Amino acid sequence: MITMSPTAALRQRAAGLRREGVEVFDFSAGELDLPTPATIVSAAIDAVRRPENHHYGPTGGETHLRQAIADRLSARTTTPLDDSNVLVTHGAKQALFNAFMALLSPGDEVLIPAPYWVTFPSSVRLAGGSPVIVQPSAGELKVTPENLEAARTPSTRAMVLCSPNNPTGLVYDTSELRALLAWAAKHRVWIVSDETYVDLGFRPVPAPGRVEPGVSDRLVTVGSVSKSYAMTGWRVGWVAGPKKVIDAAAAVQSHTTSNVSRIAQAAAFAALTGPDVTAEFRAILRSRLKVCQAALEPLGLFRTPPDGAFYVFPDVRRFAPDDVTVADRLLDSGVITVPGASFGAPGHLRLSFAIAEEHLRRGLSAMAGLLDRWAG
């Protein structure tokens, strides 16, 4: 059964607490608190004034936007892409759904390393596939080829990569990534690489298509402007890969949602081709990460600092028997976190630091005080 995203449910709970007059410190957000940059908004305003944008557009997306995405992704592979290798979608969620619909037959299995973004398993199920959760070795938050091999069956069709990872913020380094890709190439497994957070890496993020060029013919890349440009509400993402996959994914889109808003696409084109704002966003996030470190390190909760994105993922098992208990007790005091069980990693909590620094500081202080009392 497909259930509501836990982060969506927590947003509803946060709204309820606020209505009750409780001061809420919400660490569940999966989006930057910053406004979309003015240059991008201006491009959308200009697009609104053009009557052609008031009508249907190409199902696959505007050609110039698809080419801009292809140019961007070509820098991360040894196989150049063009607009025919790209489909513009309603955010990364639809990109994943379309990709799995194009790749999977009923019963095909997709290996999903834990911890995983909550939408991965549901996207596979919606496409008729079977998600297979791959647990890393004890005490680790990244999988190895040995972990993948233990989960592989004759029905294994694809595997998911997410680096920087949601919920951990961790990045597979070049040697780790090469080992995973070599395993996938050996067994002819498709790779669905979610690069939603790649522009928010605190260090360079290795690209699958460059680390192991031989996987390019079985590599599907998903991305969006949502996180890197503070554009979650604009709903523009993409899926890129071999033309046969993109054509099939476009056929799916033609019967589900049709084209993405042409005005939102104009904004996305401005984001990808205009002044780089991601460096400023990364600087803001680094500053906030230091606030997290100062609050969490004394409690032993900063042992796996993120390499990118805007999440920390501490192990909280010393404070209660399970992460859901910790999250529920924090929630009662107005501190909203996401239990690690939602991401296939019980015993952890996901905390987003994509919130205003002063609010972040106060919320972490409140959380630290509660946990310190429970530990005592």
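Kindly indicate whether Leu330 is within 13 Å of Ser28 (Cβ to Cβ) and either free of Cβ contacts under 8 Å to residues at least 60 places away in the same chain or in the same structural domain as Pro113 (by TED's automatic domain parsing) (or both). Write out each step before concluding.
Working: within 13 Å of Ser28 (Cβ to Cβ): yes; either free of Cβ contacts under 8 Å to residues at least 60 places away in the same chain or in the same structural domain as Pro113 (by TED's automatic domain parsing) (or both): yes.
Spelling it out, Leu330 is indeed within 13 Å of Ser28 (Cβ to Cβ) and either free of Cβ contacts under 8 Å to residues at least 60 places away in the same chain or in the same structural domain as Pro113 (by TED's automatic domain parsing) (or both).
Return the residues of region 291-323 that are among the charged types (D, E, K, R), under 15 Å from Leu371 (Cα atoms) and outside any helix (DSSP H, G or I); say none if nothing qualifies.
Taking region 291-323 first, the residues among the charged types (D, E, K, R) are 297, 303, 307, 315, 317-318, 322-323.
Cutting the leftovers down to under 15 Å from Leu371 (Cα atoms) gives us 297, 315, 317-318, 322-323.
If the condition is that a residue be among the charged types (D, E, K, R), under 15 Å from Leu371 (Cα atoms) and outside any helix (DSSP H, G or I), then Asp315, Arg317, Arg318, Asp322 are the ones that fit.
Can you tell which of Val215, Val236, Val211 is closer than 15 Å to Trp183 by Cα and modelled with pLDDT of 95 or more?
Residue meeting the stated conditions: Val211.
Which members of region 316-359 meet the condition of being of a type in the set (Phe, Trp, Tyr), touching a Leu at 6+ places or on another chain (Cβ under 9 Å) and under 26 Å from Ala138 (Cβ atoms)?
Of all residues in region 316-359, those of a type in the set (Phe, Trp, Tyr) come to 319, 343, 353.
Narrowing further to those that are touching a Leu at 6+ places or on another chain (Cβ under 9 Å): 319, 353.
Scanning region 316-359 gives a single hit, Phe319.
Among the residues in region 57-69, are any crowded, with 20+ Cβ neighbours inside 10 Å and charged (D, E, K, R)?
Yes - at least one qualifying residue is present in region 57-69.
I'd like to know if region 340-357 contains one or more residues that are farther than 25 Å from Asp199 by Cβ, touching a residue at least 40 places away in the same chain (Cβ under 8 Å) and part of a loop (DSSP other than H, G, I, E, B).
yes
Among the residues that make up region 87-102, is at least one of them free of Cβ contacts under 8 Å to residues at least 40 places away in the same chain and β-branched (Val, Ile, Thr)?
no
Among the numbered criteria (1) over 13 Å from Glu62 (Cα atoms); (2) over 20 Å from the mean Cα position of the chain (by Cα), which single criterion is violated by Ala279?
Every condition holds for Ala279 apart from (2).
Report yes if some residue within region 358-365 is buried (at least 21 other Cβ atoms within 10 Å of the Cβ) and within 22 Å of the chain's Cα centre (by Cα); otherwise report no.
Among the residues of region 358-365, at least one is buried (at least 21 other Cβ atoms within 10 Å of the Cβ) and within 22 Å of the chain's Cα centre (by Cα), which makes the answer yes.
Provide a single number: the residues in region 216-239 that are touching a strand residue (DSSP E or B) at 6+ places or on another chain (Cβ under 7 Å) and surrounded by fewer than 22 Cβ atoms within 10 Å (Cβ to Cβ).
So the count comes out to 1.
If I ask for residues that are under 18 Å from the mean Cα position of the chain (by Cα) and among the charged types (D, E, K, R), which ones from region 286-345 would you list?
Within region 286-345, Asp307 is the sole residue that qualifies.
Quick one: Val48 ticks every box in (1) farther than 15 Å from Val236 by Cα; (2) out of contact with any Asp or Glu (no Cβ under 9 Å at 6 or more places or on another chain); (3) surrounded by 19 or more Cβ atoms within 10 Å (Cβ to Cβ); (4) touching a residue at least 60 places away in the same chain (Cβ under 8 Å) bar one, so which box is it?
(3)
For region 325-334, does any single residue satisfy the condition of being in a helix (DSSP H, G or I), at pLDDT below 95 and polar (S, T, N, Q)? Write out each step before concluding.
Of the residues in region 325-334, the ones in a helix (DSSP H, G or I) are 325-332.
Narrowing the set further to residues that are at pLDDT below 95 leaves 325-332.
From the residues that got through so far, the ones that are polar (S, T, N, Q) too are 325.
Yes, that holds for at least one residue.
The values are calculated or read from the model by the stated rules, or taken from the named source; none is laboratory data. Please read all numbers here as calculations on a predicted model, not as lab measurements. Neighbour counts are summed over all protein chains in view; Cβ atoms, including those assigned to glycine, are modelled from backbone coordinates with ideal geometry.
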